[in-house]
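The values are calculated or read from the model by the stated rules, or taken from the named source; none is laboratory data. All figures in this text were calculated on a predicted structure; none of them were measured in a lab. Cβ: placed from backbone, ideal geometry, glycine included. Neighbour counts: every protein chain shown. The protein model used for the area step is the full one, side chains on, heavy atoms only, and it has no ligands, DNA or RNA in it. Shrake-Rupley method; radii C 1.70, N 1.55, O 1.52, S 1.80 Å.
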Amino acid sequence: MDISKCGDWFERRILDRFLRYVKIDTTSDRHNKHHPSTPGQRVFAEALAGELTRLGCAGVEVDRYGYVSARLAGDPAAPAVVLIAHLDTSSEAPGKNVKPRVHEKYDGRPIRLSRDVTLDPATSPDLLAYAGQTIVTSSGDTLLGADDKAGLAAIVTAVEFLSLHGEARRGDIEIVFTPDEETGRGTDRFPWDKIRAKAAVTVDGSGDGIVEAECFAAYRALVAVAGRSYHPGEARGRLVNAVEIAAEFASRVPKEESPQATDDRFGYYAPVEIAGTIENARIEYIIRDYEDAGCRRRIAALRALAASLARLHPGAVVTVKAARQYSNMKKWIDGSGSPVLSVLKEAVRRAGVEPKEKSIRGGTDGARLSEKGLPCPNVFNGGYDYHSRAEWAALPAMVHSARTLVYFAELWAESRPSASK
Ligand SMILES: [Zn+2]
């Protein structure tokens, strides 16, 4: 099918959707154990379900956990695929009252979004590629929500295009929108019973042309310090202060292995939360590395540090509890024998961009899905500088993303998915 002449249509449809989606507050809350963790995600899920129904999808459902599933029926003899994006936005920057700003014919210069937020090509060099074109930013008071509303807009726009242009042969397009990806629980209640496809794609990557089939292996470690409290007036030689020991612990974890000091293929430790009193203090760490062994080495180092601090502070009990969160999806995708990654790269190429294969310095819903037998690489959605007030999206890249999905549907129909669930 020739979609190269439909540029204006894609621009209008995807921009209209994106501007509507970002205005709905779907900030997730990692401290709330409900599914979904916030009510806004359900409101948004229902709105998307209505939209998919109007576009001709069958089996549209929002389940009790907030997952949206739907199917755009195709040729039952052709292989199906699942397209996935997430409903929630990160709680690391405010996500309520997002007021998107559309900058047509962006002049390539720094944009002062608010008193203290400036989007500057000096620190966001990807902006330079979009001088003269349309970009979307926030007002500087909130994040924008391109992560992952640009992915949702790309999927729904591709679905709309495919339902309007039934001429090309393709299999079923299965759709799953997940809540709470940002809390790490995006696949906990994944609707496996709704899925028949043997491969999936998450549309949750960033800049133009990016394809990702590798992510970090991830562990969480909880350091607990138990001290001993006495009235400060009678504390000499007796009080064991868990607050101080926890602070000492945090200060001894190597800072050269922190997220702010590393890039490329280097892993890290990151303390993400600390709390405590004299009697009990705790620090939560996330540990990331492309190799499982790199994570295990860091957990062993935390345990050794705990043992040495316990010896330095008689009376203190310092423990480390570690748990695996997800593993590097590369081995599962490679091991599946599925052509999903090569077909995805070809689809990106047909959409008019040279694919750039990158390794995610983070996780993705696809990591758990790939491990469970549904190989699931990630593709770009056209958003940049995620989880910040300076987050922005490039309309040309958003259009490339939607068109990649349309081409993927067509190419996938001709492929021979060999993966088995
Ligand atoms: Zn995301």
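Observations
- For the range 367-391, a residue qualifies if it is closer than 22 Å to L143 by Cβ and either free of Cβ contacts under 8 Å to residues at least 40 places away in the same chain or of a type outside the set (S, T, Y) (or both), and the qualifying residues are N378, V379, F380, N381, G382, G383, D385, H387, R389, A390, E391.
- Subset tally (residues that are open to solvent by 20 Å² or more (accessible area, probe 1.4 Å), under 22 Å from F18 (Cβ atoms) and more than 20 Å from the chain's Cα centre (by Cα)) for the range 53-106: 14
- Qualifying residue in the range 377-385 (condition: within 16 Å of the ligand (Cβ to nearest atom), modelled with pLDDT of 95 or more, open to solvent by 20 Å² or more (accessible area, probe 1.4 Å) and in a loop (DSSP other than H, G, I, E, B)): yes
- Qualifying residue in the range 128-141 (condition: open to solvent by 10 Å² or more (accessible area, probe 1.4 Å), farther than 24 Å from A402 by Cβ, without any contact (Cβ under 8 Å) to a residue 40 or more places away in the chain and over 17 Å from the mean Cα position of the chain (by Cα)): no
- Looking at V348, V343, just one residue is open to solvent by 10 Å² or more (accessible area, probe 1.4 Å), assigned to a helix (DSSP H, G or I), touching a Ser or Thr at 6+ places or on another chain (Cβ under 8 Å) and in contact (Cβ under 8 Å) with a residue 12 or more places away in the chain, and that residue is V343.
- Scanning the range 20-47 for residues that are acidic (D, E) and under 12 Å from R185 (Cβ atoms) yields a single hit, D29.
- Selection status of S401, among the small types (G, A, S), out of contact with any Gly (no Cβ under 8 Å at 6 or more places or on another chain), surrounded by 19 or more Cβ atoms within 10 Å (Cβ to Cβ) and modelled with pLDDT of 95 or more: no
So that you can scan it fast, the table gives a plain yes or no per residue for (1) hydrophobic (A, V, I, L, M, F, W, C); (2) under 29 Å from P79 (Cβ atoms); (3) under 20 Å from the mean Cα position of the chain (by Cα); (4) open to solvent by less than 10 Å² (accessible area, probe 1.4 Å):
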site: I111; (1), (2), (3), (4): yes, no, no, no
site: P121; (1), (2), (3), (4): no, no, no, no
site: S124; (1), (2), (3), (4): no, no, yes, no
site: L143; (1), (2), (3), (4): yes, no, yes, yes
site: A154; (1), (2), (3), (4): yes, yes, yes, yes
site: V159; (1), (2), (3), (4): yes, yes, no, yes
site: L164; (1), (2), (3), (4): yes, yes, no, no
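- Residue list for the range 79-118, filter: away from the ligand (no atom under 16 Å from the Cβ), aliphatic (A, V, I, L, M) and part of a strand (DSSP E or B): V81, V82, V102, I111
- Counting only strands (runs of 3 or more DSSP E) wholly contained in the range 128-208, the ones carrying 2 or more residues that are within 16 Å of the ligand (Cβ to nearest atom) and either of a type outside the set (K, R) or assigned by TED's automatic domain parsing to the domain that holds T364 (or both) occupy 173-178, 200-205.
- Test: residue in the range 35-47 that is modelled with pLDDT under 95, within 16 Å of the ligand (Cβ to nearest atom) and closer than 23 Å to N381 by Cα: no
- Within the range 8-29, residues that are assigned by TED's automatic domain parsing to the domain that holds T157 have Cβ atoms under 9 Å from residues that are open to solvent by 60 Å² or more (accessible area, probe 1.4 Å) and part of a helix (DSSP H, G or I) in these pairs: I24/V43; D25/V43; T26/V43, counting only partners at least 6 apart in sequence or on another chain.
- Test: T183 is polar (S, T, N, Q), at pLDDT 95 or above and over 24 Å from G335 (Cα atoms): no
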